[in-house]
Every structure is written in structure tokens, then in C-alpha cells.
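The values are calculated or read from the model by the stated rules, or taken from the named source; none is laboratory data. Since we're looking at a predicted model, the values are computed, not measured. Reconstructed Cβ throughout: ideal geometry from the backbone, glycine too, with neighbour counts over all protein chains shown. These accessible areas exclude ligands, DNA and RNA; they are computed on the full protein's heavy atoms, side chains included. Shrake-Rupley method; radii C 1.70, N 1.55, O 1.52, S 1.80 Å.
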Amino acid sequence: MTPEGTRHRAWRPCSTLSFPGEGGTLTMWLYLAALVGLYYLLRWYRERQVVSNLRDKYVFITGCDSGFGNQLARQLDLRGLRVLAACLTEKGAEQLRDRTSDRLETVILDVTKTDSIAAATQWVKERVGDRGLWGLVNNAGVVHSPAYSEWLNMEVYVNVLKVNLLGVIEVTLSMLPLVRKAQGRIVNVSSILGRIAFFGGVYCSSKYGVEAFSDVLRRELQHFGVKISMVEPGFFSTGMTNVQESLEKLKQTWEEVPTHIKESYGQKLFDAYYNQIKQGLLGASTNLNLVTDCMEHALTSVHPRTRYSSGWDAQFFFIPLSYLPTSLADYILTRSWPKPAQAV
């Protein structure tokens, strides 16, 4: 029963809940495009804000004999920062000093040796004093050979991990009180192979470790004013990726592989793989500024990024690939690989 005078009305959906027509869809996409554009505009504005008094700030960089470290040291020196450059050899240090101003200072550092790290830390402490260390750039790294994982012995695994991962950890922990005092920055050089691994198993393992260490450290130090950034280069032509040396190491590695493992893979696979690696090395980018500009931004911007992907291959191939389903990514990455002699 209904109250007298009340009429029943058929239910009709409210017009505001109906699906938009063609015009409504276009408007929705325009609003979305505007929001995305506004986001990137705000990010661009934030990232253009530069830290003040850069000429009074000290930056310590490892691995400055050549490659990214050498380029960054010269770049920051031109910018006016006080660069403390760590080199593995005196020859590398001398060559760097010849190409920079008197502000830049060098020290010999082997990141695999605790005594060397302790001595370098004391050397830095004497120079920065009460100001602390504004920037620490963990750049030193090695690539033994781009060989299959089973072709490498454990000594190679240990040596690569000592430099690329344990060296980063020990140098960071040793210098951390100085960085914390300055409320500064730590920039760890990872690799796009630290985001998606598909060859060079030991190198990838070390860079995945750098990513994990950096993520944890960033969260632990957020209340100290210390900011952590990772730089993930694609394939660049540096001393580590020297074509001749890399191919010679690959040949030597294959020659030392036990016979039963060689028989499993076969000489035909090695020859094809050798040519693939050669083509990849020859195609590496020579524009190191794509990487060092990211490092510089992480050190000098008021709002640095957490991650910097450097190089067109990293940004437009490997990063998107890392978000695909694993089976699809596996197919794309390995479809051109040669098959082993004893493949099933």
C-alpha cells in the first residue's frame, strides 16, 4: 500500500551516470592530456631548481681513471665544484689532473681493500672538515667477460661482486657520516642490466644488488636529509666495454671452459654468440654526457630523481621491456640467441 495521492514512477538512470558519447570521450581525453602535461611541467620546474653555493661543496667520485667517472670529474670541475677524484692508478690520476683545474684533487683508491677505503675516507675528512661531504658518487666498476654464466668460474664471480657491489657498500658506509653531516647526496651507478637481466649473469647480479642496497638506504636515510639516486646507463662505449679487450676476454673464457661444458654448448654457438657480442659492442653509444649529465643533475638539483635511465636503448627499449610479462620479455630477448649443441 502507498499513501494516497502518491504515484509510482518508473525508475530511469540519471543522465549524469550514463556513459559519455563521442563528445564526452574527447573531453575526457583532453582533460587527461592536460593533467599529464601539467604534471610534466611541474616536474620540469622542480628539477630546474639548483642547489645554492655549489662552489663550496665537495664531491667524491670513485673510478675516475676513465669512462663516466673521468668525464664527470672534469664536468663538475668546470661547474666550479670541489672535486675529490679517486683513481685506481697514479697514471690515471696524473692524466686527470692535467686536464682539470687546481681545485680538483686526486687520491688512489682500490674499492676492494678495506685499508685503502679507510685511508681515502680519512683523506676526504681532512679536506671537507666540518662542512661534510656533499656528494658521493660510486662509479667504480668492472666487467670481466660477457660470457654465459656456466662458462665463468667462482673466482670471477667473487672479483666482480667485490668491486661492483661490496665496494659500493663499503665505500658508502665508510663515507656516510660525512655525507650525513652535509645532508648531501649519494649517487650509485647501476646499469639497465640492474633492471632487466639477460646476459652477463655476474655483472647483472652485482647491479641488481646495487639497486637493492640503494633502495633500502634511501628509505633508511630519508629523515637525515640525505638523498639517494641511481643512474642506470644503457650500452655506452667506455674502458669497460672496449671492443678488443672484451672480445679477447670472451675468447679466453671459452678456452678455459671445461670440455664437458664446451660439448654442451658447442663451438657453433660460441662463434655466433661472439659475433652478437661484437655487434653489440660496436653499437654502443659514445656520448657519455647522456650519463654524466644525469649524475650532475642528481648532485646539483634541489629535487633529484630516484632513478635516471641514460641512453635511448635504456629509455625506449629496456625499461618498457621490464614491465612486460616475463614470458614475453624472455621471448623478445632470446629469440635471436643461437641454440646449444645439446639443446633438447
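Observations
- Qualifying residue in the stretch 235-247 (condition: closer than 19 Å to Asn164 by Cβ, β-branched (Val, Ile, Thr) and open to solvent by less than 30 Å² (accessible area, probe 1.4 Å)): yes
- Candidates Leu88, Leu38, Leu54: the one that is without any contact (Cβ under 8 Å) to a residue 24 or more places away in the chain and either out of contact with any Cys (no Cβ under 7 Å at 6 or more places or on another chain) or open to solvent by 80 Å² or more (accessible area, probe 1.4 Å) (or both) is Leu38.
- Filter result for Tyr208 (out of contact with any Pro (no Cβ under 9 Å at 6 or more places or on another chain) and either aromatic (Phe, Trp, Tyr) or in a loop (DSSP other than H, G, I, E, B) (or both)): yes
- Of all the residues in the stretch 311-344, those that are closer than 19 Å to Ala212 by Cα and polar (S, T, N, Q) number 1.
- Looking across the stretch 91-113, the residues that are polar (S, T, N, Q) and open to solvent by less than 80 Å² (accessible area, probe 1.4 Å) come down to Thr100, Ser101, Thr106, Thr112.
- Residues of the stretch 212-228 that turn out to be open to solvent by less than 50 Å² (accessible area, probe 1.4 Å), within 20 Å of Arg195 (Cα to Cα) and of a type in the set (A, V, I, L, M), as a count: 2
- The residues listed here are Ile277, Ile186; of these, the one that is closer than 30 Å to Glu126 by Cβ and in contact (Cβ under 8 Å) with a residue 40 or more places away in the chain is Ile186.
- Residues of the stretch 324-344 that are of a type in the set (A, V, I, L, M, F, W, C) and exposed (fewer than 10 other Cβ atoms within 10 Å of the Cβ): Val344 alone.
- Qualifying positions in the stretch 261-281 - at pLDDT 95 or above and β-branched (Val, Ile, Thr): Ile261
- Close pairs (8 angstrom Cβ cut-off, 6 or more residues apart or separate chains): touching a residue at least 40 places away in the same chain (Cβ under 8 Å) and more than 26 Å from Pro146 (Cβ to Cβ) in the stretch 205-221, in a helix (DSSP H, G or I) and open to solvent by 10 Å² or more (accessible area, probe 1.4 Å) anywhere: Leu221/Arg180
- All told, Val231 meets the bar of being under 21 Å from His297 (Cα atoms), in contact (Cβ under 8 Å) with a residue 60 or more places away in the chain and in contact with a Cys (Cβ under 9 Å, 6 or more places away or on another chain).
- Enumeration of residues in the stretch 296-344 that are of a type in the set (Val, Ile, Thr) and over 18 Å from the mean Cα position of the chain (by Cα): Val302, Thr326, Ile332, Thr334, Val344
- Qualifying residue in the stretch 110-122 (condition: within 20 Å of Met240 (Cβ to Cβ) and in contact with a Cys (Cβ under 9 Å, 6 or more places away or on another chain)): no
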